[in-house]
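To start, the structure under review is shown below, and the notes come after it.
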Amino acid sequence: MTAITLVLGDITRQRADALVNAANSSLLGGGGVDGAIHRRGGPAILQECRRLRASRYGRGLPTGQAVATTAGNLDARWVIHTVGPVYSAEEDRSPLLASCYRESLRVAGELGARTVAFPAISTGVYRWPMDDAARIALETVRSTPTTAEEIRFVLFDTPAYEAFTRQLG
Ligand code: APR
């Protein structure tokens, strides 16, 4: 039985087997969660991301996919980088957002991660409306078989926390 938990806080201060990063396709860092993870995790994470770009992901990590690296100085064993879709009012990209959660859980399972912490993917720079993103996130993790014992959503502010609480029902 997998517990789904909500936490108000900074994902880079969480202890978990795997912390999920809201990355971009370059895997070379950015702002928001991405910036915080690289800042607190240290250069080892970026070094591994660069190696991934030089090998498996020469053209970058495609939207909706996930890949793991070391967690560097973070209180975790791995960082799972996933690339969320940019919100679009014209095109329904929700399958890609769902894929971020599904693929991150698949990678976590391959690693044997028992606790997985997620941010609210795509709800910052990528502008996805929070309530809809929370609905997609929770629907997806609830319908994805996983060996994880805990799936923790780490929400950075109260509106996000309240949105996830509403969707948790
Ligand atoms: N811990 C937890 N949540 C955080 C943190 C943090 N330290 N920092 C930001 N957030 C929240 C934001 O408030 C937002 O709700 O994470 C959510 C996702 O926001 P972003 O980090 O902007 O990620 P996203 O919207 O997926 O955009 C990804 O932004 O940072 C760049 O390199 C990244 O290009 C990529 C894009």
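Values quoted throughout were computed directly from the atomic coordinates according to the rules given, and no laboratory measurement underlies them. Bear in mind that the values here come from a model prediction, so they are computed numbers and not experimental data. Note: ideal-geometry Cβ built from the backbone for every residue, glycine included; neighbour counts use all protein chains shown.
Most exposed first by the Cβ proxy, i.e. fewest other Cβ within 10 Å, how do MET130, MET1 rank?
Ranked by crowding around the Cβ, least crowded first: MET1, MET130.
Quick one: 3J(HN,Hα) in Hz for region 104-118, Karplus 6.51/-1.76/1.60 with θ = phi - 60°, rounded, Gly and Pro as x.
5, 5, 5, 4, 4, x, 4, 7, x, 6, 8, 10, 10, 10, 10
Please list, ordered by chain and number, the residues whose modelled amide H lies under 5 Å from the amide H of LEU155; skip anything fewer than 5 residues away on the same chain.
When sequence neighbours closer than 5 places are left aside, the close amide H contacts are VAL7, LEU8, GLY9.
Taking θ as phi - 60°, what are the ³J(HN,Hα) couplings along region 163-169 by the Karplus curve (6.51, -1.76, 1.60), each to the nearest whole Hz, with x for Gly and Pro?
With coefficients 6.51, -1.76 and 1.60, one gets 5, 5, 4, 4, 6, 5, x Hz.
Considering only ASP92, ASP75, ASP131, give the residue with the highest GNM mean-square fluctuation for the chain, with springs between Cα atoms whenever their separation is below 10 Å.
Maximum among the listed residues: ASP92.
Quick one: work out the % antiparallel among DSSP beta bridges in the chain, nearest 5.
20 percent
In whole Hz and in residue order, list the ³J(HN,Hα) couplings for region 92-99 that follow from phi through the Karplus curve 6.51 cos²θ - 1.76 cosθ + 1.60, θ = phi - 60°; x for Gly and Pro.
7, 9, 4, x, 6, 5, 4, 4
Just going by the charge dipole of region 57-169, with Lys and Arg at +1 and Asp and Glu at -1 on Cβ, which of ILE121, SER94, THR63 is farthest out on the positive end?
THR63
About its Cα centre, how strong a charge dipole does the chain have in debye, to the nearest 20, once Lys and Arg get +1 and Asp and Glu get -1 at the Cβ?
560 debye
Counting helices only, and only those DSSP H runs with n ≥ 4, report the 222 nm mean residue ellipticity of the chain as the sum of -39,500 (n - 2.57) divided by its residues, in deg cm²/dmol to the nearest 500.
So the helix-based figure for the chain works out to -12000 deg cm²/dmol.
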